[in-house]
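Undergrad: Here's a structure for you.
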Amino acid sequence: MGTGRPEPTLSRRILDDLTDDEANGRRALVRVDFNVPLTGEGETRAVASDARVRATLPTVEALLGRSVTIVLASHLGRPGGAADRALSLKPVARRVEELLGRPIIFLPEPFDERSLKLVRDSEGGEIYLLENLRFHPGEKANDAGFAETLAAYGEFFVQDAFGTCHRAHASTVGVTEHLTPCVAGRLVAAELAAFRRLLDPEPPFLAVLGGAKIAGKLETVGALLDRADTVCLGGGLANTFLRASGVDVGDSLVEDDLVDEARDLLERHGEALTLPVDAVVAREIAPDAETRTIEIGTAGSAGVEPGWKILDVGPRTVERFTAAIDRARTIFWNGPLGVFETPPFDAGTRALAERLARATDRGAYTVTGGGDSLAALEQAGLVDAVGHASTGGGAALELVSGASLPGIEALDPPISRGGGRASGEHQGSP
C-alpha cells in the first residue's frame, strides 16, 4: 500500500563500520537519550526506570573497546532553556556508573574552557556526561553557535538517541556540520533495521495506537490507514474518534478541535478502523476509585455519564484487539490503551502486551514504540518478548507513517565497497 511520498532515509553509516583511523583513540560526541523518569528529591533523586540508559550501553562499550574518549550528551524534561536543578542529569550519571562499573565524570558546567580542556586532555577510555542540553536555549533552536560549541567536545559524532531524531536540534543536526564521520550507534542502527522491515511489512499489517497524547497522531492514523490492513485505537486518541462517531464520552480526555478531522477519517476509512466497544470508567484516577464497565459505541448504549471518564478499554474491546493481533503477521504498537500506571486501569494494556508476546512466539513481527509502551512492557516483564521494543515515541510514529527524521538524514550515507552492499545495510538486524 503506497503513501504517495518518498520512503524515509533508513540506510546510514553505523558505528561498527568505522575504520581504526576514524575511531580508535579519538573523542566521540555521543547523543544519547537519558530523558528518563526520576524519583525522590534533592540529592536523593534517582533514576526510576533505566531502560533507555541500558539501551545505549552496547554503544558505550563498543567505543570503550576502541579507547575512545566518550562525551555523552542528552536532554532531560522540558526546562525551557534555563537551568533547573530538578532536571539535572547528575542522578543519571550515578546510574550509568553503576551499570558500567566504572567512573563517569559529570560536567555540571560543561560549556566553559576548563571543562573543554579536561576532555581534550583525556588519554582515552574516559566517559563524560554533559549537563542537561536543554538548560541552553540554543539546543532546541538548533543555534549554529551553540552547535559549534557542543561539537568542540568531539572529533566524530555518534547518534544513539533515536527518540530525539525527529527533532532538528543542535545536538541532533547542528553538530553534524562540524564533526566527521557522523554515524548511527548500535541502538539507532537496530532501530533503523527494525523500521526497514516494518515499512515493507508482511501482511496482514496491524497498527495499535493509544496513549494520552493526541496532537500529531491523527496525521499518523491517516498515513497508517494507507499502509495497514487494520488500525485499532485506544486511550485518549480513541476518545476523540468516539466523539466523532457520536458517542457521549462524558469527561474523558478529548481533543475537541480534532473531532472534525477524526470524523473525516472515519468516513473515508471506517472499515479499517477498530474502536473500543466497551470501557472501564471512573470519576477519578486512583487505585481505590469506584469503577464501572460500560458499553460504548454500540446500538442502544447510553455512553459515558457526565463526571465519569474513560480510563481503560473493556474486556470486549480487548477481545476485538487481540483477535486482530492473532490474524496479523506484522504488528506495530504505540501507546497504552488506558491509564496503565494506575491499577486497575492497566488491564487492557497488560492484555495487549501479553498477546503481542504470544504473536511474536508464533512468528509475527512485532514492534512497539514510545516510552509509555516500553514502560508498559517493563511493567509486564515482556520487554524481551517482542520483536523490537523501540526507544522512540514520536520518532517511531513519524517513521512508520513514512516521514523522514532530521537526525537520521544528517548522518553520513553508507559507503559502498567494491560494488557490494553498502556498509550499514546489514547491521543491527533484529
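The values are calculated or read from the model by the stated rules, or taken from the named source; none is laboratory data. None of these values were measured; they are calculated from a predicted model. Cβ coordinates were reconstructed from backbone atoms using ideal geometry, including for glycine residues, and neighbour counts include every protein chain displayed.
Undergrad: Can you name the number of the only condition in (1) under 28 Å from D17 (Cβ atoms); (2) at pLDDT 85 or above that L377 fails?
TA: For L377, the failing item is (1).
Undergrad: Sticking with this structure for a sec: Please state which one of A302, A347, A289 is of a type in the set (A, V, I, L, M, F, W, C), farther than 29 Å from E398 by Cβ and free of Cβ contacts under 8 Å to residues at least 24 places away in the same chain.
TA: A289
Undergrad: Moving on to the next point. Taking the conditions exactly as written (within 30 Å of E290 (Cα to Cα), part of a helix (DSSP H, G or I) and assigned by TED's automatic domain parsing to the domain that holds L206), does A376 satisfy them or not?
TA: Yes.
Undergrad: Please specify each residue of the stretch 340-354 satisfying the condition of being buried (at least 22 other Cβ atoms within 10 Å of the Cβ), assigned to a loop (DSSP other than H, G, I, E, B) and either among the polar types (S, T, N, Q) or more than 18 Å from the chain's Cα centre (by Cα) (or both).
TA: F345
Undergrad: How about the stretch 380-410: which of its residues are modelled with pLDDT under 90 and of a type in the set (V, I, T)?
TA: The answer is V383, T391, V400.
Undergrad: What are the pairs, 6+ residues apart or on separate chains, where a residue within the stretch 130-145 that is in contact (Cβ under 8 Å) with a residue 40 or more places away in the chain has its Cβ under 6 Å from a residue that is surrounded by fewer than 18 Cβ atoms within 10 Å (Cβ to Cβ) and of a type in the set (A, V, I, L, M)?
TA: Listed pairs, sorted by first residue: F135/A83.
Undergrad: Being touching a Ser or Thr at 6+ places or on another chain (Cβ under 8 Å) and over 27 Å from V386 (Cβ atoms) is the requirement here; does R263 meet it?
TA: Values: touching a Ser or Thr at 6+ places or on another chain (Cβ under 8 Å): yes; over 27 Å from V386 (Cβ atoms): yes.
In short, yes.
Undergrad: So, one more: Go through the stretch 245-277 residue by residue and tally those that are in a loop (DSSP other than H, G, I, E, B) and of a type in the set (V, I, T). It would help to see each step written out before you state the result.
TA: Taking the stretch 245-277 as the starting set, the residues that turn out to be in a loop (DSSP other than H, G, I, E, B) are 245-248, 250-255, 270-272, 275-277.
Imposing the further condition that a residue be of a type in the set (V, I, T) reduces the set to 247, 254, 277.
Residues in the stretch 245-277 being in a loop (DSSP other than H, G, I, E, B) and of a type in the set (V, I, T): 3 in total.
Undergrad: Find the strands (runs of 3 or more DSSP E) located wholly in the stretch 102-168 whose residues include 1 or more that are in contact with a His (Cβ under 9 Å, 6 or more places away or on another chain), and list them.
TA: Output list reads 156-159.
Undergrad: Right, something else. Can you pull out every residue in the stretch 194-207 that is closer than 19 Å to S373 by Cβ and touching a Ser or Thr at 6+ places or on another chain (Cβ under 9 Å)?
TA: So in the stretch 194-207, the residues closer than 19 Å to S373 by Cβ come out as 194-195, 197-199, 201, 205-207.
Scanning the stretch 194-207 gives A194, F195, R197, L198, P201, F205, L206, A207.
Undergrad: Just give me the residues in the stretch 312-332 being of a type outside the set (D, E), assigned to a helix (DSSP H, G or I) and in contact (Cβ under 8 Å) with a residue 12 or more places away in the chain, in sequence order.
TA: Residues satisfying the conditions are P315, R316, T317, V318, R320, F321, T322, A324, I325, R327.
Undergrad: What residue, among those in the stretch 355-385 that are touching a strand residue (DSSP E or B) at 6+ places or on another chain (Cβ under 7 Å) and without any contact (Cβ under 8 Å) to a residue 40 or more places away in the chain, is surrounded by the most Cβ atoms within 10 Å (Cβ to Cβ)?
TA: Taking the candidates together, the pick is G369.
Yes or no, residue by residue, for (1) among the hydroxyl-bearing types (S, T, Y); (2) closer than 19 Å to N334 by Cα; (3) surrounded by fewer than 24 Cβ atoms within 10 Å (Cβ to Cβ):
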site: E177; (1), (2), (3): no, no, yes
site: G185; (1), (2), (3): no, no, no
site: A190; (1), (2), (3): no, yes, yes
site: D200; (1), (2), (3): no, yes, yes
site: A207; (1), (2), (3): no, yes, no
site: A244; (1), (2), (3): no, no, yes
site: G250; (1), (2), (3): no, no, yes
site: D257; (1), (2), (3): no, no, yes
site: L266; (1), (2), (3): no, no, yes
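Undergrad: Tell me the residue from G297, G363 that is modelled with pLDDT of 95 or more, among the small types (G, A, S) and part of a loop (DSSP other than H, G, I, E, B), please.
TA: Of G297, G363, the one residue that is modelled with pLDDT of 95 or more, among the small types (G, A, S) and part of a loop (DSSP other than H, G, I, E, B) is G363.
Undergrad: For the stretch 54-68, which residues satisfy the criterion of being among the aliphatic types (A, V, I, L, M) and at pLDDT below 95?
TA: A55
Undergrad: Would you confirm, using the coordinates I've provided, whether G402 is part of a loop (DSSP other than H, G, I, E, B) and either aromatic (F, W, Y) or under 26 Å from L15 (Cα atoms) (or both)?
TA: When the stated conditions are applied, G402 passes them.
Undergrad: Another one. State yes or no: is T368 touching a helix residue (DSSP H, G or I) at 6+ places or on another chain (Cβ under 9 Å), among the hydroxyl-bearing types (S, T, Y) and at pLDDT 95 or above?
TA: no
Undergrad: Of A62, A28, A55, A48, which residue is touching a residue at least 40 places away in the same chain (Cβ under 8 Å), closer than 23 Å to T368 by Cβ, assigned by TED's automatic domain parsing to the domain that holds T180 and not hydroxyl-bearing (S, T, Y)?
TA: Exactly one residue qualifies, and that residue is A55.
Here's the yes/no breakdown for (1) crowded, with 21+ Cβ neighbours inside 10 Å; (2) in a helix (DSSP H, G or I); (3) not hydrophobic (A, V, I, L, M, F, W, C):
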site: R12; (1), (2), (3): yes, no, yes
site: D21; (1), (2), (3): no, yes, yes
site: V36; (1), (2), (3): no, no, no
site: E43; (1), (2), (3): no, yes, yes
site: S49; (1), (2), (3): no, no, yes
site: R54; (1), (2), (3): no, yes, yes
site: E61; (1), (2), (3): no, yes, yes
site: I70; (1), (2), (3): yes, no, no
